[in-house]
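Here is the structure we will look at.
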Amino acid sequence: MQPVSEQPLFAVVGHPNKGKSSIVATLARDDSIAIAADPGTTRTAQRFPMSVDGQTLYTLIDTPGFQRARRVLAWLEQHAESDADRPAAVERFVRAHRNTGEFPDEVELLTPIIEGAGILYVVDGSIPYGSEYKAEMEVLRWTGRPRMALINPIGQADHIDQWQSALDQHFNNVRIFNALTADFEKQMQILEAFSQLRESWREPLQRAVDALKRHRKQAQHQSAEAIADMLVDMMQLQVRETLDPDADPEPRRKPLEEKYKAQMRRLEQREREAVESAYQHFRIQRVEQDVELREDLFSERSWVLFGLSRWQLIAAGGATGGALGIGADAAAGGLTFGVFTTLGTAAGAGAAWWSAQKLPQARVLWHRVGGKTVQCGPVRNPNFPFVVLNRALRHHALVAGRSHAQRGELTLSETPGAAEQQRGALNMLSEAERKALSPHIRRIGRGDRLDAAQRAELVELLERVLAAQESGQGRAGDLQA
Amino acid sequence: MAALVDLAVRLDRDRSAPEPERRQRDRKIGQQLAPLAARPVAQTLAWLDALRRESEERESAAARWVHGASVALVLVGLLVGAAVAGGVFYYDGTRPVNVIHVLAVFVFLQLVTVLLTLLAALPARVTHWLPGMHALQQTLWLLSPGRLAGLMTRWLPQPDREQAQQLIGHARAHGALYRGVRQWAILTWAQSFAVAFNVAALATAMALVTFSDLAFGWSTTLRVDTETLAGIVQPLAWPWAWAWPAARPSVELIEASRYFRPVQIDPEVAPLLGQWWPFLVMCMAVYGLLPRVVLLGVALHQRRRAVVAAIRYHPAVRRLLERMNEPIVTTHDAGEAAQAESMVTSGHVATDWPRAEGPVCVIDWAQVPVEGATVDQLLQQRCGAMPEAKLEAGGARSVDEDARVIERAVGVVGEYGLIVMLVRAWEPPMAEVTDFLAQLRDALPHGRPIVVAPIGAEGLAPASANLEQWQRRLGTLGDPWLHVATLTTGDDAEVQT
């Protein structure tokens, strides 16, 4: 029999139920693994290597479940010459039945083991222990490989104690790991536990855990960036249309509002998708309502020339006239006591005012010089960015805490009351963090642009919020357990 | 700045490349550039270099356009400067060159435009407080000669023109990021133009002074006497008077060089008239050229800072740096889709209870501690007879023991009986069960019904999902006399055919 693999290699074995594939999906962070209700969904052994920059640090192998454990054991007992011969007997079994089709599942699951994998034996802690499990545990013991048992409580009932005492008789290491609800911290703990199977596996597994933690921080960072971008974009969003100076704006109201809402929705979707893929969830089916926009965002504005409004034009005219006046005063050597400046400003402003009256009617090449702009947005409600932020934080909490074994829809429901919404996610922050975040959010709410340094600060603060969410979840989880 | 343009072009082109490819390539480059990880701008430019070396490209067309625009503006500035100087210093012998003109064009006009430039370049924080300032600034920007550079894109050949215009559009879209760069770039170009203008003007003036005999005078319609002019001119000469006294017009010179229309040059005074030239040349140099050179220096410095900031905070650059510096962590092979061969779901199994026409034999595969009496009662209800025998199979028993159980069961059932097999509903139907059923079927006489009754964990009723699972799996056996039905009689446990 080949020696134990140098590189950490784990065969996930057990009864044919969804427990094994759930564990593999969770640890391999793969939401594409088929986890069907029917048994025997996995027919071939599938490898899930975890690598950093192309270097494999450990590999999980999902296997089909034991289907005929007793017969296998019977064969082994017949063909083993002594206790020391047991691992070799297993190997002979695999070789003998490789192509016969008599024991397809057992050959599939034993092959990686005889090639050097360690064993992770998975049972469902929510169903009662039965004596039929003895045979498969015995077969695994015969392989002589390092092994560990995982109790995965899939359903509601609790038979964990029963399992614990049954498994303790066959395994040195028994752990409870709920693949569906385990948060990131618990997943890292279980990986670190795997390293107890073999001393030489400790280092690569530790490196793997470190890389995964760093990757998670990166996901938080990317989520923070996506949220910051979304906040700024949403608060600055406006849709515009230019009409003739004497056109009626009312018919354009509804279509413009629809367009605005559609773009808002798109901005939110983009952020949701960015967060989900940052955490490697590519197949989430999200159920979420659009954000509520309570104010009337429709407005119209007339302008005169070059997009300058009347007042802007007058100011520009006044300033120019004033500048020329200053020149004339200077030329006169100060004798005129600034009369020219005053006159110049007045003349300039006056000329601009007069032309402001006339220009909208003027035509240049058959286009009216002046015009009317109708626009929808931007939102100026100071509460709105908090509402959007709370929604985003809630979504992030659900996504970050979602194990990759979960296959249900992700539903984000609105909680009633705007004030509650404002308090909601921000409650998790410390006083200092909340104080640091508010001015940024308020600045965004006013529609100001953020310069690069402010944006970097906002992203950092959001990162801390997201990290706090995670540890807060962990605490809540402990309270439940 | 050409580097920024190049970078923008490259990043833009990159956007269409598929993500995994980009990630791999950039991570590879990033690993090589690891020592620069703390200096993002330097690392980004090094990335650009690495890519250029790989594809053996030189600067992009857009970068070349940036250079070309600067050169073109300088040339135009030189031409215009020479032309204006030629015009102002024109002397055909009839009238002296009017000093007032020279001062007006090359000193006052220059100072005014410098002032306007400074106004236009005031940062937003200051203009916020002055009403009308913003509008004025906008007007001034519209008028700046630096914007000619943008217009020049029209004369570029086709593919370069598209690229250049795309960049300009892109810069406008990312307003906040590029605003600084745009402003200082326009300013730099404008100052290059102005410096070239002044240099050419100065050179032309010097050439004319050297190579022709010029006479200077001053004349104005305004009632200005010698003292007044001296009061203007002599303070102007203050910056260089200590180094070059001849460049400071004396009162006598001013007195002597006034002329009126029609022009009559006093022959005694004629030789003096040329002595204006040091003053004029120094004026042009100090009030025309010098501020422009300083402004150009400032603009170049600020532009460089703006470019560095734009690179540093550009969103695509941020993502590039992440791609380069974050290790690629994969937890599964992305390519393989998990194989899921679902069990063949077609197949029919009866879901009702047959009537017992003979002895009933119960085979307990479940080992659920069930009250014997309860089972008997339920069987009575379901198939109309009490069990004749109860045997146990499966679990930890050996396969041989199971075979013996089958023999005994066959013996009990005889010609007309049926077999009821109790199984655990929550355990999936495994090959061991189906093997057993196959053996049982082989051993039984033709047509004997076998009823598989899944037992639930709580109170005997199985969960409907589990029941269906057993029905589906056993349906694939193709056994026409196999029934899968529940023992209990609750409403939801009742299964209709």
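Data table
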{"quantity": "Segment B:10-40, subset among the polar types (S, T, N, Q) and surrounded by 11 or more Cβ atoms within 10 Å (Cβ to Cβ), residue farthest from A:D53 (Cα to Cα)", "calculated": "B:Q32"}
{"quantity": "Residue satisfying all of: in segment B:293-334; more than 9 Å from chain A (Cβ to nearest Cβ) and touching a Lys or Arg at 6+ places or on another chain (Cβ under 7 Å); surrounded by the most Cβ atoms within 10 Å (Cβ to Cβ) among these", "calculated": "B:M324"}
{"quantity": "The one condition in (1) more than 7 Å from chain B (Cβ to nearest Cβ); (2) part of a loop (DSSP other than H, G, I, E, B); (3) closer than 15 Å to A:V107 by Cβ; (4) not aromatic (F, W, Y) that A:Q7 fails to fulfil", "calculated": "(3)"}
{"quantity": "B:G384 being away from every other protein chain (no Cβ under 14 Å), open to solvent by 40 Å² or more (accessible area, probe 1.4 Å) and small (G, A, S)", "calculated": "no"}
{"quantity": "Residue match in segment A:95-108 (condition: open to solvent by less than 60 Å² (accessible area, probe 1.4 Å) and over 47 Å from the mean Cα position of the chain (by Cα))", "calculated": "yes"}
{"quantity": "Residue count, segment A:120-134 (criterion: surrounded by fewer than 22 Cβ atoms within 10 Å (Cβ to Cβ) and either modelled with pLDDT of 95 or more or among the small types (G, A, S) (or both))", "calculated": "3"}
{"quantity": "A:G155 within 12 Å of another protein chain (Cβ to nearest Cβ), surrounded by fewer than 18 Cβ atoms within 10 Å (Cβ to Cβ) and touching a residue at least 24 places away in the same chain (Cβ under 8 Å)", "calculated": "yes"}
{"quantity": "Pairs, first within 16 Å of A:P128 (Cα to Cα) in segment B:361-382, second open to solvent by 40 Å² or more (accessible area, probe 1.4 Å) and assigned to a strand (DSSP E or B), C-beta under 6 Å, six or more apart", "calculated": "none"}
{"quantity": "Qualifying residue in segment B:222-232 (condition: in contact with a Pro (Cβ under 7 Å, 6 or more places away or on another chain) and open to solvent by less than 70 Å² (accessible area, probe 1.4 Å))", "calculated": "no"}
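Residue-by-condition table, conditions (1) within 30 Å of the chain's Cα centre (by Cα); (2) open to solvent by less than 100 Å² (accessible area, probe 1.4 Å):
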position: A:P245; (1), (2): no, yes
position: A:P249; (1), (2): no, yes
position: A:E258; (1), (2): yes, yes
position: A:A262; (1), (2): yes, yes
position: A:L267; (1), (2): yes, yes
position: A:E271; (1), (2): yes, yes
position: A:A274; (1), (2): yes, yes
position: A:F282; (1), (2): yes, no
position: A:L293; (1), (2): yes, yes
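Residue by residue, here is whether (1) at the interface with another protein chain (Cβ under 9 Å from one of its Cβ atoms); (2) open to solvent by 10 Å² or more (accessible area, probe 1.4 Å); (3) modelled with pLDDT of 90 or more holds:
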| position | (1), (2), (3) |
| --- | --- |
| B:P369 | no, yes, no |
| B:G372 | no, yes, no |
| B:Q380 | no, yes, no |
| B:P428 | yes, yes, no |
| B:F436 | no, no, yes |
| B:I455 | no, no, no |
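The values are calculated or read from the model by the stated rules, or taken from the named source; none is laboratory data. Everything numeric in this text was worked out from a predicted model, so none of it was measured. We place every Cβ from the backbone using ideal geometry, glycine too, and count neighbours over all the protein chains shown. Surface accessibility is based on the protein's heavy atoms, side chains included, excluding ligands, DNA and RNA. Shrake-Rupley method; radii C 1.70, N 1.55, O 1.52, S 1.80 Å.
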